[in-house]
Amino acid sequence: MLVLTRRTDEGIVIQDNIIVTVLSVEGDKVKLGIAAPQEVRILRKELFEAVQVQNLAASKQFMAAKDDTLQRIRIMLRGD
């Protein structure tokens with residue numbers, strides 16, 4: 001992990017096309033501005049983690065349904 005110290009109106013550049021600027025610091029809160037190409041998805045970490053959890057749950061549900069469907073097809077083909 002890279003750790004940097006920045007003041008208000010200072011920033012960093014990521015991969016030549018993403019600019020993160022410190023807009024303000026108030027107590028324990030830092031307001032950041034992020035300029036990036038439209039195709040770059042930017043999410044707060046807690047939202048990103050929630051999406052990951054939902055995707056994993058959906059994937060498990062899909063796989064369970066797929067396995068159930070395959071089992072039903074096998075039974076139908078056997079004539080049981």
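Taken together, the values in this text are just the output of simple stated rules run on the coordinates, not laboratory data. Computed from a predicted structure; not experimentally measured. Counting neighbours? That spans all protein chains shown, and the Cβs are built from the backbone with ideal geometry, glycine included.
Here is how the numbers come out for the structure above:
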| item | result |
| --- | --- |
| The chain: relative contact order in percent, alpha carbon pairs under 8 Å with at least 6 residues between | 15 percent |
| Top positive-direction residue, dipole computed over the chain with Cβ charges, set LEU23, PHE62, ILE12 | PHE62 |
| Centre separation in Å (Cα based) which lies between the range 58-77 and the range 1-28 | 49 Å |
| Burial ordering of ARG6, ARG41, fewest other beta-carbon atoms within 10 Å first | ARG41, ARG6 |
| Principal axis box of the chain, alpha-carbon based, largest edge first, Å | 73, 29, 22 |
| Most mobile of VAL25, VAL40, VAL51 in a GNM of the chain (Cα contacts under 10 Å) | VAL25 |
| Acute angle (nearest 10 degrees) that the helix 45-78 long axis makes with the longest principal axis of the chain, alpha-carbon atoms | 10 degrees |
| Estimated distance in nm for a label pair at SER24 and LEU2, the labels positioned 7 Å out from Cα along Cα-to-Cβ | 2.8 nm |
| Along the chain, longest interval not containing exposed GluC sites (Glu not before Pro), exposed being DSSP loop plus at most 16 other Cβ atoms within 10 Å | 40-80 |
| Alpha-carbon Rg with Dmax, taken over the range 27-69, Å | 17.0, 56 |
| Exposure proxy ranking, count of Cβ atoms within 10 Å, fewest first, for ILE73, ILE18 | ILE73, ILE18 |
